[in-house]
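A short worksheet on the structure shown next.
Laboratory data are not the source of any read-out in this text; all were calculated from the coordinates shown. These figures come from a predicted structure and were not determined experimentally. Neighbour counts run over all protein chains shown; Cβ positions are idealised from the backbone, glycine included.
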Amino acid sequence: MQLSKIVRAGVFALGFAGASATSAAAEEIILAHVMDQEHIFYKVAEQFSARLDELSGGTMTVSHHPGGDLGDWTSIVEQVAQGAVQMTMSWNHSELDPRWDVSILGYVAEDWETGKQVYGPGSVMAGVYNGIMNDMGMELLGTIPTDFTGFVVRKGVDVPTNFPDDAKGFKMRVPGQPMAIERYRATGFSPVPMAFSEVHTALQTGAIDGRAYSPPSEVLIFKDVISTYVFTRENFEHTFWNANKRWFDGLTEEQQGWIKTAADEATTWAWESAQAESPKWFEQIRDAGIEVVELTPEQLEAYKSLIVAAEYPYMEGVIGSEIMAEIKAAAGIE
């Protein structure tokens, strides 16, 4: 049944430009992602589905596919770009476009207020992202916040806090993105690109000593094998809600309005909810016996300076000086 939906959706997306509004309304919108019912993706999708049904009078419905039943997250992004699936929520898939890595640029936001100003609804970065998405055949419906990030440390390993000296010999798992490797090499670590699905076992066996880019909400996934969470606040993790552009452009203005309204309301809720949930995650982390370490102002400044010196020139070469100037202004970096 799921396969038939994908095939039907793909035919629909490719042939939509010549279809009538009536036939468009008869189609379900497939929204697929890889997270479970506890994740914000699931909750945002459910709110969106209910609101879209209400706004459209039941003429536009959502077939929600959580848990990765249509593939891993990179595969689903590619399906959306190609038009086989209408929508997804995902992380930056820089293999499709290296400019997408601008979303993980370090130390752009200092707190939730500046995070929302820089990355939230109506922000400059939302416009930048939509331009990147359009070039890949997608339309940005919104950004979904997670939290600031740090890294976890497996049991039995010394916790690095002075960089780059303490990080020497520390095997840090990073996603397979060029800028991630740049960051952790510059801060003294030995970066190990690895699929997320392999991280838990690698921490158990000692193949890696830590996992980078970890928001508080993902620390407890590894609670049986880690001792410490170093909360560096090195970047503000946010994710992307994209739709296939050809499909979206083929909708009537009224249908696009329903989708945008429902998506805007759901993402606004997400920004409010994620900020409220952040302290609760730290309470659960400490209750699980995991130590939370924050860098001293001096340690933080040293760590930040290494990241900025490595990442900002690299990203300027990828995304251009004009956009980087806007980002530097937002981050207060000259």
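For the pair the stretch 236-305 / the stretch 46-124, the C-alpha centres are spaced 10 Å from each other. How fast does the stretch 132-234 diffuse by Stokes-Einstein, in µm²/s, taking the Kirkwood radius from C-alpha pairs at 4 °C and 1.567 mPa s? For the chosen part, D equals 90 µm²/s.
The coefficient of translational diffusion for the stretch 166-215, derived via Stokes-Einstein from the alpha carbon Kirkwood radius under 37 °C and 0.692 mPa s, stands at 308 µm²/s.
Please report the antiparallel percentage of the DSSP beta bridges confined to the chain, to the nearest 5. Looking only at bridges with both residues in the chain, the antiparallel portion is about 55 percent.
Here the dipole of the chain is about 640 debye; that uses its Cα centre as origin and unit charges on the Cβ of Lys and Arg (positive) and Asp and Glu (negative).
For the chain, the membrane-span-like helix rule (DSSP H, alpha carbon extent of at least 27 Å along the helix axis, mean Kyte-Doolittle at least -1.0) picks out 297-319; this says nothing about an actual membrane. Which entries of 43/304; 168/304; 43/260; 168/280; 168/328; 223/280 show an alpha-carbon separation above 22 angstrom in the structure shown? As for pairs spanning more than 22 Å Cα to Cα, those are 43/304; 168/280; 168/328. In this structure, the amide hydrogen of residue 61, modeled 1.01 Å from its nitrogen in the peptide plane, lies closer than 5 angstrom to those of 29, counting only residues at least 5 positions away or on a different chain. If I take R0 = 25 Å and measure r between the Cβ atoms of residue 190 and residue 162 in this structure, what FRET efficiency does the formula 1/(1 + (r/R0)^6) give, to the nearest 0.05? With a Förster radius of 25 Å, E is 0.90. Taking a sphere under 12 Å around the Cβ of residue 135 and counting the other residues whose Cβ falls inside, with K and R at +1 and D and E at -1, yields a net charge of 0. Extending 7 Å from Cα along the Cβ direction at residue 309 and again at residue 223 yields two label points whose distance is 3.9 nm.
Take the Cα radius of gyration of the stretch 72-138 and divide it by 2.2 N^0.38 Å, N being the number of residues; the result is 1.18. Adding -39500 (n - 2.57) for every DSSP H run of four residues or longer, then dividing by how many residues the chain holds, sets the calculated 222 nm ellipticity at -14500 deg cm²/dmol.
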